[in-house]
Amino acid sequence: MALIPLVEPSRNETLAELEKKGKRENHFFRMMAHKPEVLKNFAPLYAAIVGPGATDRRTKELVYLTASLTNECPYCTAVHKASAKKAGVTDEEIRALETEQYQDFSEADRAAIQYARELTESASGVETGDALFRYFNDEQIVEITLVTAMANFTNRFNNGLRVEPEQ
């Protein structure tokens, strides 16, 4: 159960619009709605980071899911398992991420996954970052880093406030 009650859409216009647009209840947004100005500005930032860009959607989902699994975030793991499947990540690949069995991923995927895991585990020094330069350009590396950082933000928010996945 969430640490504090979720906000009802009838009490926050931005929340109501986001849920209408997403066509579903969203516990993350309902919790963030306790800070209406943050919710209003968060949605476009999130979209700019995880949305279309120089890095393909599949890679972004592998990175987001890796961070969420590393942080043991039930909410983000549930959400990003579903979105990863929509981006072409297979059930077998999801199980491989869960068990840290990366050998069957491409070298580029492994570089992104290992970078996300290492950056999530320790923000002070990432040794695997150099491997990214073999497969990704500067803009893509920035995007991969932003996705990892966003995942860590949402993981900590959801874990800290015990936000549970929707049914």
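Points to keep in mind about this one:
- Of the residues making up the range 86-109, none is within 30 Å of Arg30 (Cα to Cα), small (Gly, Ala, Ser), outside the structural domain of Ala43 (by TED's automatic domain parsing) and in contact with a Pro (Cβ under 9 Å, 6 or more places away or on another chain).
- Complete set of residues in the range 106-128 that are small (Gly, Ala, Ser), free of Cβ contacts under 8 Å to residues at least 40 places away in the same chain and closer than 22 Å to Glu93 by Cα: Ser106, Ala111
- Residue within the range 146-160 that is under 30 Å from Met1 (Cα atoms), hydroxyl-bearing (Ser, Thr, Tyr) and part of a loop (DSSP other than H, G, I, E, B) present: no
- Of the helices (runs of 4 or more DSSP H) entirely within the range 54-103, those holding at least 1 residues that are crowded, with 22+ Cβ neighbours inside 10 Å, modelled with pLDDT of 95 or more and under 10 Å from the mean Cα position of the chain (by Cα) occupy 57-70, 74-86.
- Subset of the range 39-52 [surrounded by 11 or more Cβ atoms within 10 Å (Cβ to Cβ) and of a type in the set (A, V, I, L, M, F, W, C)]: Leu39, Phe42, Ala43, Leu45, Ala48, Ile49, Val50
- When residues of the range 1-24 are limited to those that are basic (Lys, Arg) and not in a helix (DSSP H, G or I), the one surrounded by the most Cβ atoms within 10 Å (Cβ to Cβ): Arg24
- Within the option set Thr145, Thr128, being outside the structural domain of Phe28 (by TED's automatic domain parsing) and under 13 Å from the mean Cα position of the chain (by Cα) holds for one residue only, Thr145.
- The set of residues in the range 27-47 being among the aromatic types (Phe, Trp, Tyr) and either assigned by TED's automatic domain parsing to the domain that holds Ala151 or over 22 Å from Glu143 (Cα atoms) (or both) consists of Phe28, Phe29.
- Considering residues of the range 28-38 that are touching a residue at least 40 places away in the same chain (Cβ under 8 Å) and in contact with a helix residue (DSSP H, G or I) (Cβ under 7 Å, 6 or more places away or on another chain) only, the residue surrounded by the fewest Cβ atoms within 10 Å (Cβ to Cβ): Phe28
The values are calculated or read from the model by the stated rules, or taken from the named source; none is laboratory data. Keep in mind it's a predicted model, so treat the numbers as computed, not measured. Glycine gets a Cβ as well: all are built from the backbone with ideal geometry, and neighbour counts include every protein chain shown.
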